[in-house]
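Student: Before anything else, here's the structure in question.
The values are calculated or read from the model by the stated rules, or taken from the named source; none is laboratory data. Fair warning: this is a prediction, and the values are worked out from it, not measured in the lab. Every residue, glycine among them, receives a Cβ derived from its backbone with ideal geometry; neighbour counts consider all protein chains shown. Surface accessibility is based on the protein's heavy atoms, side chains included, excluding ligands, DNA and RNA. Shrake-Rupley method; radii C 1.70, N 1.55, O 1.52, S 1.80 Å.
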Amino acid sequence: MRTILLLILCSPIVMFAQHEYDVWHFGENAGLEFSSTGVKAIRGFFSTQEGSASICNRTTGALLFSTDGIILYDRSGSSMPNGRGLLGGWSSTQSALIIPMPGDTSKYYVFTPGDLSNNGQRPGLAYSVVDMTLNNGMGDVTVKNVRLLDSCAEKLTATLHCDGQSWWVVAHAMTIPRFYVYRVDADGVHPPIVRNVGEQYTVEPGQPGREYGLGYIKFSPEGTLLAMASPHAAMLELFSFDIGTGDINTPRTVRRGLPFYGIAFSPSGSMLYGTTWSSVWQFPTLTSYPPVAGIELGPIPSYEPSLYRGGIQCGPDGRIYVADGANLRVVQYPERYGQEAVYTTTYAVPLDGGIAVLGMPNVTECLYDRSRIVFCGPPIAGILADTAACVGSCLTIRDATERTPTKWEWTFTGGTPGVYDGRVPPPVCYSTPGTYAIRLVVSNSYGADTTTRTVRVVPLPIVDAGPDVELCDSSYGRLHASGAERYEWEPDIGISSKYAPDPIVRVFSTTIYRVKGYTAEGCVSEDVVTVHYRTFDPTISGSTELCRGMATRLTVSEADSVLWSPSDGVSDPRSPVPLISPDTTTTYVVDIWSGACHQKRTVTVTVRTGAGETDTVEARVICEGDAVVLTAPEGQRYRWESRPDIADPAQQSVTVRPVTTTTYTVTVFAANGCSSTIVFPVTVYTGASGTDTMPAQAICEGDAVMLTAPEGTRYEWIPGPDIDDPTQRSVTVRPLRTTSYSVRVYAASDCSRLVTFPVTVTSAATARLAFQPFQLEPGQRSTIELRATNPESFTTFIAEVVMPLRAIAHLTVEEGVDLGSTVGLTERTMRIGYAPSATGSIRFSGEAMLTTETDEPFICRVVSSEGCGTIVGDTLRGVEWVGCSLDTRTVRFNAPSLAVLFATAGHDGIRIGIRAATGTHCIVEAWTPDGRLLSETDVVTQNDSGLATLRPSCRGPLFVRVRSGVQMQVMALMAW
């Protein structure tokens, strides 16, 4: 089943903020880092009392360098090679100002006003130039301390020219109301425009900094307002500024009588914030607000009479930060009026060990959002949009034009709509794959600009979740998705990985899984697959009790296929309804499959004694005229053979009185209908006459034998030197030569019979087992013979062949009985039994398959024997192995669960048959005797078997090795 899901690729709403001030360094090792996730405290590079400055990469926000007005620090915190000795000061209000050099993106101007707290000096204004291409990209100073003014206040700020490229840098005189306005463009720093404007301040004699020396000057974000604070004169003024000409006019006293030090504008410029040594004030700058003299928002908590505060700065996140010692206080909503701006003494940004003493970094807020600048030139067109979209989706496209356009004309080739006039176009939808152009023409009264970018519309993936899956009980299955680059499954319950194309699943109820497939561009479609859960509980029915020789039919329910094990007594091991006829009671294990389901069941078939079976009990001995009770085994009913002395042949026990030795027979019927015949011999002794002779028993000289008399009431063995107690029924004797023993057995009425036991004694002969030296050489078969010099003394003997640990040979028994061979790392013996023959020898042949150099011998030895002879002779050692060597041992493991059934060579390769459990992963290899791998392949067994084909790269003798995990089997050397 397949369905299609459309993924709409949307761009986020973009604020036109740049990143020049994402990192601040200020105060005593204080710092902030701004990002999309928020603001965090960092450690600054320097310790200063008041002003500082930092600059970052405009695109990434990564720090480039920072300064306290005295030393320039690169991004690692080290001073630049020529970066010491700038003319700012640790107690200068705005001791440094950094602006990009117009026309060169790798260089920056650093302006520094002096520190007026240095009595006896008249510090002025200077600038230096930093080139970021020097010092391996860490930056260095190329122009240093170019003097602009010999005397000035500690005030310094800047804003963009209306051309969007050059700058206005503004300083102020120390004692009179005079501004110095410097234009900085691609030609450098121009002579100042001097404007005498504003109120003449008066201060008490002896004040450091005099009338105008201390306090901030600050431009509004769009550059049209200029504010100035002078704490010693207790004044806060506001001016108008023309960013096209640099003219300063329209002075306005905002508030007098308070020691204003710091200044900040809200992001829109609608609110002006001023700080005294101890509190934060807010003043509207737009006429839409009530014409009030301002409002005090709250105190700066850490202020003390001897500990001044007052640093304030608007951040790139749009909030205003106030220096407060170990913390920064925050105006949360600077555009709102009064208490709605939310300035509280309970919320603060901790500086993690840094201290904001008095000043904050000097920032030119116009760089936060250049779109607020009213430019005096044609706009620069810009488009912000994704580069790829999916068929059937709609693309969000944004205007990224700079320099104040007034008209926008959009063209969307292949999209709907095809054209649009206005700044914010609606979503543009695409229905056909291809590459299409987005064109924007922007204009204002100064001119027009055009830009084009392309968007690639890609087709949706064709996702296939694969066929439905059937799982049984708690079994596992695997899903198979295809058609996409990456995937996501849901629900994520019962699935090994929701992001894998082929996860393993295990469910306990039927579950529908939905997979979403994504292209590299993010386009998505989906498909579903059903995992069917079923319980599989097969049963085996039919009679499980039967008489021996009979059969019963058993039926396996719910079975597609079965396998009975063992197969003995099963008419068809793969039939679900076989006939079962075991010889003895047998427990069968039945593997049962139904679809993908598999279960094992066991069933025990009990075999009762079958009809026609006969069991003869030990003979009863009585005297002539006596009676004896005969009792049949337990059964359901009985039928004794009709005889005159049996009164009721249907009883379990009968009393009989035979005149002569007689056999009585009873048929015993079980509840299942099975029957058996029991034979009761009854021996009748007549007086003291009669003799019985038992079969002869043969022993070796020096051995003992136990003799047991027939059952009676008492016994009299004819005394002999090796009979300890002649009254026992059984005696143990150790005759030195062939002899006969006799015992008189008495019945209940004291009648008796003489029983004779012949015993044959064989003399102990000495035999010798001879070994012949031999070699096992690769490619040649050698025959080994172990011979007894007088085999007639033996019935059997067993020899053992032990191979060196690091050698492999294939041994074949030619005369004798192979009692079991294992060749491996820990079991490496071959045991061979002698069967009686004229030669009295064990013969076997061997062929070396793989050896390594070793001093360990090949050992042949006799481990046991039967017969009256004894074996003498040394164990054969030191058999030579020649012809092969290999650094890595290859051994054959005793692994009954892995077997090589056959290996045959043909014109197209070597075919190898393997027996192993279903699902076993086997590696099949062909090796030369000297240890070179010629060919390999792998096979996974099905139905407990597998077939592999090897095609060795060259011809000659080789052997085949099959391995799986730690198990291994090696075939004999063969020709290819």
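Student: Sticking to Cα atoms, compute the Rg of segment 335-440 to one decimal and its Dmax as the biggest Cα-Cα distance, whole number, in Å.
Tutor: Gyration radius and largest Cα-Cα distance of segment 335-440: 21.6, 62 Å.
Student: Turning to a different aspect of this structure: Ignoring any ligand, DNA or RNA, what whole percent of the accessible area of segment 404-554 comes from carbon and sulfur when the probe is 1.4 angstrom?
Tutor: Ligands and nucleic acids excluded, carbon and sulfur reach 51 percent.
Student: To continue, here is another question. What is the sum of charges, Lys and Arg at +1 and Asp and Glu at -1, for the other residues whose Cβ falls under 14 Å from the Cβ of Ser76?
Tutor: 0
Student: Order Lys218, Lys407, Lys516, most accessible first, counting only protein heavy atoms with a 1.4 angstrom probe.
Tutor: Lys407, Lys516, Lys218
Student: Could you give the dipole magnitude of segment 697-762 about its Cα centre, charging the beta-carbon of Lys and Arg +1 and that of Asp and Glu -1, in debye to the nearest 20?
Tutor: Its charge dipole is roughly 160 debye.
Student: Just to be sure I understand: if I project the alpha-carbon convex hull of segment 383-458 onto a plane and average over all orientations, what area do I get in nm²?
Tutor: For segment 383-458, the mean projected area of the Cα convex hull comes to 4.2 nm².
Student: Same structure again: Probe radius 1.4 Å, ligands and nucleic acids ignored: give me the carbon and sulfur share of the accessible area of segment 697-762 as a rounded percent.
Tutor: After summing per-atom areas, the C and S share lands at 50 percent.
Student: Project the alpha carbons of segment 65-156 onto their principal axes and report the range along each, largest first, in whole Å.
Tutor: Principal extents (largest minus smallest coordinate, Cα): 41, 27, 17 Å.
Student: In segment 620-685, what percent of the accessible surface is made up of carbon and sulfur (1.4 Å probe, ligands and nucleic acids excluded)?
Tutor: Summing carbon and sulfur atoms, their accessible area is 49 percent of the total for segment 620-685.
Student: While we're looking at this one, here's another question. Determine ³J(HN,Hα), in whole Hz, for all residues of segment 468-474 in sequence, where each value follows from phi through the Karplus function 6.51 cos²θ - 1.76 cosθ + 1.60 and θ = phi - 60°; x replaces Gly and Pro.
Tutor: Those phi angles translate into 4, 10, 10, 10, 10, 6, 9 Hz.
Student: Going by Cα centres, segment 203-278 and segment 650-666 are how many Å apart?
Tutor: Each part reduced to its Cα centre gives a spacing of 139 Å.
Student: Hey, another quick one. Leaving out ligands and nucleic acids, note down the accessible area per residue over segment 540-608 with a 1.4 angstrom probe, in whole Å².
Tutor: 51
Student: Given a cut-off of under 8 Å on Cα pairs at least six residues apart, what relative contact order in percent is computed for segment 621-676?
Tutor: Taking the mean separation of contacting Cα pairs over the length of segment 621-676, I get 39 percent.
Student: Non-local amide H neighbours of Ile193 (under 5 Å, H modeled in plane, Pro and chain starts lacking H): which ones?
Tutor: So Ile193 has HN proximity to Val181, Tyr182, Arg183.
Student: OK, next. Would you mind working out the accessible area per residue for segment 23-372, using a 1.4 Å probe, and quoting it in Å²?
Tutor: Each residue of segment 23-372 exposes 36 Å² on average to a 1.4 Å probe.
Student: If you take the C-alpha gyration tensor of segment 697-762, multiply each eigenvalue by 5 and take the square root, what semi-axes do you get, largest first, in whole Å?
Tutor: So the equivalent ellipsoid measures 24, 10, 9 Å along its semi-axes.
Student: List the residues whose amide H sits under 5 Å from the amide H of Phe65, counting only those 5 or more places along or on another chain, with H placed 1.01 Å from N in the peptide plane.
Tutor: Ile55
Student: Next question, about the same structure. Using a 1.4 Å probe and ignoring any ligands, DNA or RNA, find the accessible area of Phe375 and quote it in Å² to the nearest 10.
Tutor: Around 10 Å² of this residue is reachable by solvent.
Student: Please work out how much accessible surface Ile193 shows to a 1.4 Å probe, ignoring ligands, DNA and RNA, in Å² rounded to 10.
Tutor: Rounded to the nearest 10, that gives 60 Å².
Student: Name the long-range amide H neighbours of Val457: under 5 Å, sequence gap of 5 or more, or other chain; modelled H, no Pro or chain starts.
Tutor: Ala389, Gly434, Thr435, Tyr436
Student: Just to compare against my own numbers: the Cα pair-distance distribution for segment 228-381, 10 Å bins, whole % per bin, please.
Tutor: With a bin width of 10 Å, the distribution comes to 10, 39, 35, 13, 3, 0.
Student: Using the Kirkwood formula over every pair of different C-alpha atoms, what hydrodynamic radius in Å results for segment 469-545?
Tutor: This gives a value of 13.9 Å.
Student: Still on this structure, please answer the following. Once phi is turned into θ = phi - 60°, what whole-Hz ³J(HN,Hα) does the Karplus curve with 6.51, -1.76 and 1.60 give for every residue of segment 441-453, x standing for Gly and Pro?
Tutor: 10, 10, 7, 8, 5, 8, x, 9, 8, 10, 9, 9, 9
Student: For segment 710-724, what does the Karplus curve 6.51 cos²θ - 1.76 cosθ + 1.60, with θ = phi - 60°, yield as ³J(HN,Hα) per residue in whole Hz, taken in order and with x for Gly and Pro?
Tutor: Ordered by residue, 3J(HN,Hα) equals x, 5, x, 8, 7, 9, 9, 7, 5, x, x, x, 9, 10, 6 Hz.
Student: Once the whole set of protein chains is in place, how much accessible area is left on Asp386, using a 1.4 Å probe, in Å² to the nearest 10?
Tutor: Approximately 50 Å² of Asp386 is accessible to the 1.4 Å probe.
Student: With respect to the cross-link table entries Lys144/Lys218; Lys498/Lys600; Lys107/Lys218, which display a Cα-Cα separation exceeding 28 Å?
Tutor: Lys498/Lys600
Student: At q = 0.13, 0.29 Å⁻¹, what base-10 log of I(q)/I(0) does the Debye formula yield for segment 620-685 when every alpha carbon is treated as an equal point scatterer in vacuo?
Tutor: Per q value, in the given order, log10 I(q)/I(0) is -0.34, -1.29.
Student: Give me the log10 of I(q) over I(0) for segment 23-372 at q = 0.07, 0.14 Å⁻¹, as the Debye formula computes it from C-alpha points; what are the numbers?
Tutor: Debye curve over Cα of segment 23-372, log10 I(q)/I(0) at q = 0.07, 0.14 Å⁻¹: -0.25, -1.12.
Student: Under the definition of Cα pairs under 8 Å and six or more residues apart, what whole-number percent is the relative contact order of segment 267-382?
Tutor: 21
Student: Let me ask something additional. For segment 577-720, what D do you get in µm² per second when you plug the Kirkwood radius from alpha-carbon pairs into Stokes-Einstein at 10 °C and 1.306 mPa s?
Tutor: 80
Student: Projected area of segment 540-608, taken from the Cα convex hull and averaged over every viewing direction, in nm²?
Tutor: Its Cα hull, projected and averaged over all orientations, spans 3.7 nm².
Student: Count the net charge of all other residues whose Cβ sits under 13 Å from the Cβ of Glu237, scoring Lys and Arg as +1 and Asp and Glu as -1.
Tutor: +3
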